[in-house]
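Working notes for the structure below.
The values are calculated or read from the model by the stated rules, or taken from the named source; none is laboratory data. Predicted model only: the values in this text are computed from it and were never measured. Cβ placement follows ideal geometry from the backbone for every residue including glycine, while neighbour counts extend to all protein chains displayed. Ligands, DNA and RNA are stripped out before the accessible areas are found, and what is left, the full protein with its side chains, is counted by its heavy atoms. Shrake-Rupley method; radii C 1.70, N 1.55, O 1.52, S 1.80 Å.
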Amino acid sequence: MQADNQNSPERKSLDDRNKMTELERIRHSCAHVMATAILRIWPEAQFAAGPPVENGFYYDVELSHRISPEDFPRIEEEMKKEIKANNVFERIVVTREQALQDAESGRLGGLTERPGNVSKFKLGNLADIPEGEPISYFRNGDFLDLCAGPHVMRTGNIGAFKLTTVASAYYKGDEKNPQLQRIYGTAFKNKTQLEEYFKMLEEAKRRDHRKIGAEMGLYAIDTEYVGPGMPLWLPKGTVLVEELEKLAKETEFAAGYVRVRTPHLAREKMYTTSGHLPYYAESMFPPMELKEKGAAPGAEVERYFLKAMNCPHHHRIFAAEPRSYRDLPLRLAEYGCCYRYEQSGELFGLMRVRSLNMNDAHIYCTEDQFAEEFRAVNDMYIHYFKVFGLDKYQMRYSTHDPSKLGQKFVNEPELWKKTEDMVRRVLVESGINFVEVANEAAFYGPKIDVQVWSAIGREFTIATNQVDFAVPSRFGLTYRDRDNTEKTPLCIHRAPLGTHERFIGFLIEHYAGNFPLWLAPEQVRVMTVNDDAALRDYALPLVKELRAAMVRVETDFTANPIKAKVADAETARVHTMLVIGARDVEAGNVSVRLHGKGHVGVRPKAEAVAGILQAIRDRAA
């Protein structure tokens, strides 16, 4: 059984629960039906929490029997019986005293009272319910659970379901608590949707960036010498990195950004000033403690940290020179290398790493300039979506919770309201598809997480866009305004292409390694039908011309059969193959093949070259 790296989700408020979608209600209800089935087989089972999650549901259970996928058919059979029974999901409001009594008797999370088998995890869940909030059960058939809901009307409304995996997870996500078995499943409105989901999962396995990355020789992770979570970009992978940087630099230059460079580490003072220490310390590498040679005994030790984010360094660049309102907006951009100490169990290929190169920028502006700057950043996102053929995307707009000011969020209620209203207005006026989520803002301001869907409908969060009205003042950042007074700028943190690592991982899966011509590690392969010297002599000037235009071109002039050469190029995911035979030499042509599409025609050599160069310039999909 593998450990589950997901923390248990934060307890939802009643308002959040009432916003559950129909599919979330189906999945939540299916978790209860699964618990019912498990209890029919193992009546002693103790349950903790069973929420709907992104792609299904789970329930955490304590049980001496180690549930495995071999048990799933038996559990599913019992689930089908409960669904066929079409029992009502009945809500029952109780007092805290009644709930405590039912937990002590073992009734909560059970089919009957279970003397001597206290519902210990339900007692813990009960303690999390704030005083004054209604306490409710939901009952389906004999199963009674401490639950705020909501659910579908009857078990028969659940539709199609399937159990998927089992993992281990600590109660409430705390390693000091008991380790439980987490049983995952998924559910949909009907069997067709369920089948489509599993087809998507199979296709996702085929497109797994770790598998394709190894096949194409894009990157390596050397855990023995370099360390886990720190990718080494191989030559072909470096092509992807440099093409993305080129795209970003061109786009940002056109938008008025200036580029900066910053060191990979900084003194402790930098991060205590920014507020990242101590609150972000667990996600940072431990400090390096330095003492000058020959320093007196007891001399102060200097502490340096690898940077986990670029923003404090950019703030110091802003502070390096006197600033006037005439200098704003100031847009500082950098592909900065950061280091974050992700737990070893959370590392996952390129998607979760410890060293990352971020498409970062910070825009310093006045309040009057904010709306236009924020709109321009959103326009940049949409431009990138078009470049990569991303038709489905959504902005997730995260705001603060007023009740947590001074705890989770900077205690500036007026600035929160003002900046949240400004961001919301820009999103609405721009006609951007967005959802608003409370209590998920950054500690220093509202933020937008950009979610995109790949070619097979898989969802990814790839970028973020944040407003910062707090940290600039901590660093004493000011500009002289028209009225000759010192004012603190607003700061927009933005990273449209996220990190190289995560974005390239996404692109590998989105394209299944079949990159468009401008991005393909090997753009063109020139091959002859045999090893005849005349064919080679005809091909070499063509290769030279392409290389002079910075096209990534390779050759295959071997005596291997042309079918074998084409198969080899297809396996290597070469975008364009130019095949040369005797007739092509006579006519001044080349035969053009495209990866995955086969032969697309015979063209004059000059026309073929011009088409390749134009497609690269246009970054054609």
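Note down all Cβ pairs under 6 Å where the first residue falls in region 379-397 and is on the phi > 0 side of the Ramachandran plot, the second is assigned to a loop (DSSP other than H, G, I, E, B) and surrounded by fewer than 20 Cβ atoms within 10 Å (Cβ to Cβ), and they're at least six residues apart or on different chains.
So the pair list comes out as Gly389/Ala621.
Among the residues of region 264-279 satisfying the criterion of being open to solvent by 70 Å² or more (accessible area, probe 1.4 Å) and within 26 Å of the chain's Cα centre (by Cα), which is nearest to Leu507 (Cα to Cα)?
Within region 264-279, the match that is nearest to Leu507 (Cα to Cα) is His264.
Hey, any hits in region 236-249 for a residue that's in a helix (DSSP H, G or I), in contact with a Gly (Cβ under 9 Å, 6 or more places away or on another chain) and either open to solvent by less than 90 Å² (accessible area, probe 1.4 Å) or not acidic (Asp, Glu) (or both)?
Let us first name the residues in region 236-249 that are in a helix (DSSP H, G or I), namely 236-249.
Narrowing the set further to residues that are in contact with a Gly (Cβ under 9 Å, 6 or more places away or on another chain) leaves 236-237.
Subsequent filtering for residues that are either open to solvent by less than 90 Å² (accessible area, probe 1.4 Å) or not acidic (Asp, Glu) (or both) retains 236-237.
So far as region 236-249 goes, yes, one or more of its residues are in a helix (DSSP H, G or I), in contact with a Gly (Cβ under 9 Å, 6 or more places away or on another chain) and either open to solvent by less than 90 Å² (accessible area, probe 1.4 Å) or not acidic (Asp, Glu) (or both).
Just to be sure, is Tyr364 among the aromatic types (Phe, Trp, Tyr) and in a strand (DSSP E or B)?
On the way: among the aromatic types (Phe, Trp, Tyr): yes; in a strand (DSSP E or B): yes.
Criteria met by Tyr364.
Would a scan of region 271-280 turn up a residue that is without any contact (Cβ under 8 Å) to a residue 60 or more places away in the chain and in contact with a Leu (Cβ under 6 Å, 6 or more places away or on another chain)?
Kept after step one, since they are without any contact (Cβ under 8 Å) to a residue 60 or more places away in the chain, are these residues of region 271-280: 271-272, 276-278, 280.
If we keep only those that are in contact with a Leu (Cβ under 6 Å, 6 or more places away or on another chain) too, we end up with 271.
The answer is yes; a qualifying residue exists.
Out of the residues in region 343-394 that are acidic (Asp, Glu) and under 17 Å from the mean Cα position of the chain (by Cα), state the one that is nearest to Gly237 (Cα to Cα).
Initial filter on region 343-394 (acidic (Asp, Glu)): 346, 360, 367-368, 372-373, 379, 391.
Keeping just the survivors that are under 17 Å from the mean Cα position of the chain (by Cα) gives 346, 360.
Working: Glu346: 23, Asp360: 20 Å.
Checking each candidate, the answer is Asp360.
Which residue, of Arg66, Arg114, is part of a loop (DSSP other than H, G, I, E, B) and crowded, with 16+ Cβ neighbours inside 10 Å? Don't jump to the end; show me each part of the working.
Details: Arg66 fails: crowded, with 16+ Cβ neighbours inside 10 Å.
Just a single option satisfies the conditions, and that option is Arg114.
Restricting the search to region 91-109, which residues are surrounded by 13 or more Cβ atoms within 10 Å (Cβ to Cβ) and touching a Lys or Arg at 6+ places or on another chain (Cβ under 9 Å)?
Hits for region 91-109 are Arg91, Ala99, Gln101, Asp102, Ala103, Ser105, Gly106, Arg107, Leu108, Gly109.
Consider only pairs whose beta carbons are under 8 Å apart and that are at least six residues apart or on different chains; among these, list those whose first residue lies in region 188-213 and is under 20 Å from Pro52 (Cβ atoms) and surrounded by 15 or more Cβ atoms within 10 Å (Cβ to Cβ) and whose second residue is of a type in the set (S, T, N, Q) and modelled with pLDDT under 95.
Pairs found: Tyr197/Asn55.
Right, Ala587: under 21 Å from Phe515 (Cβ atoms) and among the hydrophobic types (A, V, I, L, M, F, W, C) or not?
Values: under 21 Å from Phe515 (Cβ atoms): no; among the hydrophobic types (A, V, I, L, M, F, W, C): yes.
Taking the combined requirement at face value, the residue does not satisfy it.
Among residues belonging to region 188-207 that are assigned to a loop (DSSP other than H, G, I, E, B) and not polar (S, T, N, Q), point out the one that is farthest from Ala455 (Cα to Cα).
Our first condition is that a residue be assigned to a loop (DSSP other than H, G, I, E, B); within region 188-207, this holds for 189-190, 207.
Subsequent filtering for residues that are not polar (S, T, N, Q) retains 189, 207.
Working: Lys189: 23, Arg207: 11 Å.
That would be Lys189.
Out of region 401-417, which residues are touching a residue at least 12 places away in the same chain (Cβ under 8 Å) and open to solvent by 30 Å² or more (accessible area, probe 1.4 Å)? Write out each step before concluding.
Quick first cut of region 401-417, residues touching a residue at least 12 places away in the same chain (Cβ under 8 Å) only: 401-402, 404, 408-410, 412, 415-416.
Result: Asp401, Pro402, Lys404, Lys408, Glu412, Leu415.
Find all pairs meeting these conditions: Cβ atoms under 8 angstrom apart; at least six residues apart or on different chains; first residue within region 259-270 and farther than 12 Å from Lys307 by Cβ and hydrophobic (A, V, I, L, M, F, W, C); second residue open to solvent by less than 80 Å² (accessible area, probe 1.4 Å) and assigned to a strand (DSSP E or B).
Close Cβ pairs satisfying both conditions: Val260/Leu332; Val260/Ala333; Val260/Glu334.
Pull up region 300-350, narrow it to residues that are touching a residue at least 24 places away in the same chain (Cβ under 8 Å), among the aliphatic types (A, V, I, L, M) and open to solvent by 10 Å² or more (accessible area, probe 1.4 Å), then point me to the one that is nearest to Thr223 (Cα to Cα).
Filtering region 300-350 down to residues touching a residue at least 24 places away in the same chain (Cβ under 8 Å) leaves 302-319, 322-325, 327-347, 349-350.
Filter once more, so that each one left must be among the aliphatic types (A, V, I, L, M): 306, 308-309, 317, 319, 328, 330, 332-333, 347, 350.
Next cut, open to solvent by 10 Å² or more (accessible area, probe 1.4 Å) only: 306, 309, 317, 319, 328, 330, 347.
On the way: Leu306: 19, Met309: 23, Ile317: 35, Ala319: 39, Leu328: 45, Leu330: 40, Leu347: 12 Å.
So the residue we want is Leu347.
Got a number for residues in region 467-493 being farther than 16 Å from Ile317 by Cβ and open to solvent by less than 30 Å² (accessible area, probe 1.4 Å)?
Residues meeting the conditions: 5.
When you look at Val88, is it open to solvent by less than 70 Å² (accessible area, probe 1.4 Å) and out of contact with any strand residue (DSSP E or B) (no Cβ under 7 Å at 6 or more places or on another chain), yes or no? Before you say what the answer is, go through the steps one by one.
On the way: open to solvent by less than 70 Å² (accessible area, probe 1.4 Å): yes; out of contact with any strand residue (DSSP E or B) (no Cβ under 7 Å at 6 or more places or on another chain): no.
Considered against the rule, which asks whether it is open to solvent by less than 70 Å² (accessible area, probe 1.4 Å) and out of contact with any strand residue (DSSP E or B) (no Cβ under 7 Å at 6 or more places or on another chain), Val88 comes out as no.
Tally the residues that are assigned to a helix (DSSP H, G or I) and open to solvent by less than 30 Å² (accessible area, probe 1.4 Å), restricting the search to region 169-187. Outline the logic, then answer.
Step one: filter region 169-187 for residues assigned to a helix (DSSP H, G or I), giving 171-173.
If we keep only those that are open to solvent by less than 30 Å² (accessible area, probe 1.4 Å) as well, we get 171.
Summing the residues that are assigned to a helix (DSSP H, G or I) and open to solvent by less than 30 Å² (accessible area, probe 1.4 Å) in region 169-187 gives 1.
Can you list residue pairs whose Cβ atoms sit under 6 Å apart, with the first residue in region 470-491 being touching a residue at least 40 places away in the same chain (Cβ under 8 Å) and of a type in the set (Gly, Ala, Ser) and the second being surrounded by 17 or more Cβ atoms within 10 Å (Cβ to Cβ) and part of a loop (DSSP other than H, G, I, E, B)? Count only pairs 6 or more apart in sequence or on different chains.
Here the result reads Ala470/Val410; Ala470/Tyr444, each pair linking region 470-491 to a residue that is surrounded by 17 or more Cβ atoms within 10 Å (Cβ to Cβ) and part of a loop (DSSP other than H, G, I, E, B).
Say we look at region 383-400 and pick out the residues that are part of a helix (DSSP H, G or I) and out of contact with any helix residue (DSSP H, G or I) (no Cβ under 9 Å at 6 or more places or on another chain); which of these is least open to solvent (accessible area, probe 1.4 Å)? Reasoning before the result, please.
First, pick out the residues of region 383-400 that are part of a helix (DSSP H, G or I): 383-387.
Right, trim to out of contact with any helix residue (DSSP H, G or I) (no Cβ under 9 Å at 6 or more places or on another chain) and you get 385-386.
On the way: Phe385: 8, Lys386: 160 Å².
Going through the qualifying residues, I end up with Phe385.
Quick one: which of Gly476, Gly513 is small (Gly, Ala, Ser) and within 27 Å of Asp327 (Cα to Cα)?
On the way: Gly513 fails: within 27 Å of Asp327 (Cα to Cα).
Going through Gly476, Gly513 in turn, the sole match is Gly476.
Considering only residues that are outside any strand (DSSP E or B) and small (Gly, Ala, Ser), which ones fall in region 422-470? If you could, list the steps in order and put the result at the bottom.
From region 422-470, those outside any strand (DSSP E or B) are 422-433, 438-441, 443-444, 446, 454-458, 469-470; that's our starting set.
Selection gives Ser430, Gly431, Ala438, Ala441, Ser454, Ala455, Gly457, Ala470.
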